[in-house]
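Some notes on the structure that comes next.
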Amino acid sequence: MTRENFYEPFITKLREWVVYQENCPKNDYCTHVEEHDEFRAANDRDCILTGGDLFADTIFSLWLPLRHTIARLNSKEEINAVGNIRSKYVFCRDLLRGDNLMRLLPEDNSVVRELRELFVLGLKRCNVMLLPLRNLNSKRGMSPYYDYMPRFLYELFPGGDFEYAFETEEELLSWIKTEKLQMFFEGEIRRENIIDLSGSGDIKVSLAPDGDEAQQRMLHNYYKILQLRDMYY
């Protein structure tokens with residue numbers, strides 16, 4: 001595999017994030033709903049992969065694994081030399097410059113190779129679900145959920161912060177099966193059977209334990225989920 005081929009999935013997604021941010025409507029959403037929705041339906045990968053469906057949402061946000069992997073593998077000085085990693089758009093734009101991406105994500109690193117495999121599947125339909133309510137798209141990305149899928153599923157069950165999305169638990173179970181999310185559970189689809197993908201020991205915690213190996217295991221767990229879902233699409 002050539003260097004260009006190795007980094008292509010990263011570059012594709014980075015460019016998408018940058019182009020979307022640069023071209024999306026800058027006016028207020030509440031007063032320009034139709035304009036914002038039309039732009040998203042035509043330009044957001046999730047919507048494109050589902051025929052423009054605005055209920056579409058990414059299962060595994062690729063930004064968080066990317067950011068956390070870079071933070072694990074590089075010093076603060078090395079990262080700051082590229083840009084401000086706390087600003088997604090600015091940092092993605094800066095990563096595309098020169099050899100920044102190659103320096104922070106060396107292709108001979110096993111964690112980076114695992115991250116690349118995740119990006120390959122993460123760009124496909126298997127990384128997209130249709131939400132029961134559109135407002136969950138933004139809410140699940142906020143603190144303390146951080147787009148972490150096990151936490152999101154946990155909060156959808158009775159007693160969770162998002163239980164209002166379904167009138168009954170039977171409706172929730174039906175949605176999980178329809179959206180091919182049963183692989184997030186070990187055995188029966190129950191709240192207590194949600195798989196600890198991060199390896200933190202707590203399904204509410206999205207960060208892997210310290211160490212490169214723990215980060216690699218978490219990325220591989222993400223990949224395995226998408227690999228199973230990919231068989232349905």
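Coordinate-derived values only; no laboratory data. Just so we're clear, the structure is a prediction, and the values are computed from it rather than from any experiment. Methodologically, a virtual Cβ is constructed for each residue, glycine included, from the backbone with ideal geometry; neighbour enumeration extends over all protein chains shown.
Would you work out which of Ser200, Ile176, Tyr232 lies farthest towards the positive end of the dipole of the stretch 161-233? Charges go on Cβ: Lys and Arg +1, Asp and Glu -1.
Tyr232
Read phi for every residue in the stretch 95-107 and hand back ³J(HN,Hα) as whole Hz from Karplus 6.51 cos²θ - 1.76 cosθ + 1.60, θ = phi - 60°, with x for Gly and Pro.
4, 6, 8, x, 10, 4, 4, 5, 6, 7, 10, x, 5
Once fully extended, how much extra length lies between Asp53 and Lys177, figured as 0.36 nm per residue of separation less the alpha-carbon to alpha-carbon distance?
Full extension of this stretch gives 42.7 nm more.
Rounded to whole Å, give me the distance from the Cα center of the stretch 149-164 to that of the stretch 82-112.
Distance between centres, Cα-based: 33 Å.
Rounded to the nearest 500, what is the 222 nm mean residue ellipticity of the chain from helices alone, with -39500 (n - 2.57) per DSSP H run of 4+ residues and division by all residues?
Counting only the DSSP helices, I get -15000 deg cm²/dmol.
Mind checking which of Ser87, Tyr164, Val112 is farthest towards the positive end of the chain's charge dipole, using Cβ charges of +1 (Lys, Arg) and -1 (Asp, Glu) about the Cα centre?
Val112
Considering amide H positions built from the backbone, and no H for Pro or chain starts, which residues 5 or more places from Gly141, or on another chain, come under 5 Å of its amide H?
Placed amide hydrogens put Asp147 under 5 Å from Gly141.
Non-local amide H neighbours of Val128 (under 5 Å, H modeled in plane, Pro and chain starts lacking H): which ones?
Under 5 Å from the amide H of Val128: Ile59.
Among the lysines, select those whose C-alpha is under 22 Å from the C-alpha of Lys26, and discard any that sit fewer than 8 residues away in the same chain.
Counting by Cα, and skipping residues close in sequence, Lys26 has these lysines nearby: Lys13, Lys88, Lys139.
For q = 0.20, 0.24, 0.25 Å⁻¹, what log10 I(q)/I(0) does the stretch 19-94 give under the Debye formula with an equal point scatterer on each alpha carbon and no solvent?
-0.94, -1.09, -1.13
Work out how much length Leu228 to Gln21 would gain on full extension: take 0.36 nm times their residue separation and subtract the Cα-Cα distance, in nm to one decimal.
On the way: separation 207, 0.36 × 207 = 74.52 nm, distance 3.11 nm.
That pair, Leu228 and Gln21, stretches by 71.4 nm at full extension.
Averaging over all projection directions, find the projected area of the Cα convex hull of the stretch 1-156 and quote it in nm² with one decimal place.
Mean shadow area of the hull around the Cα atoms is 10.1 nm².
HN-Hα J couplings of the stretch 29-44 from phi, Karplus 6.51/-1.76/1.60, θ = phi - 60°, integer Hz, Gly and Pro as x?
Values per residue, Gly and Pro as x: 5, 4, 9, 9, 4, 4, 4, 5, 5, 5, 5, 5, 4, 8, 10, 7 Hz.
Can you give me the distance in nm between label points at Thr12 and Arg134, each placed 7 Å from the Cα along the Cα-to-Cβ direction?
Calculated label separation equals 2.8 nm.
Give, rounded to the nearest 20 debye, the magnitude of the charge dipole that the chain has about its Cα centre when Lys and Arg contribute +1 at Cβ and Asp and Glu contribute -1 at Cβ. Don't jump to the answer; show the numbers that get you there.
On the way: 30 positive and 39 negative charges, 122 e Å.
The dipole magnitude comes to about 580 debye.
To the nearest 0.05, how large is the calculated FRET efficiency for Met1 and Glu167 if R₀ is 41 Å and r is the Cβ-Cβ distance?
Between Met1 and Glu167 the formula returns 0.25.
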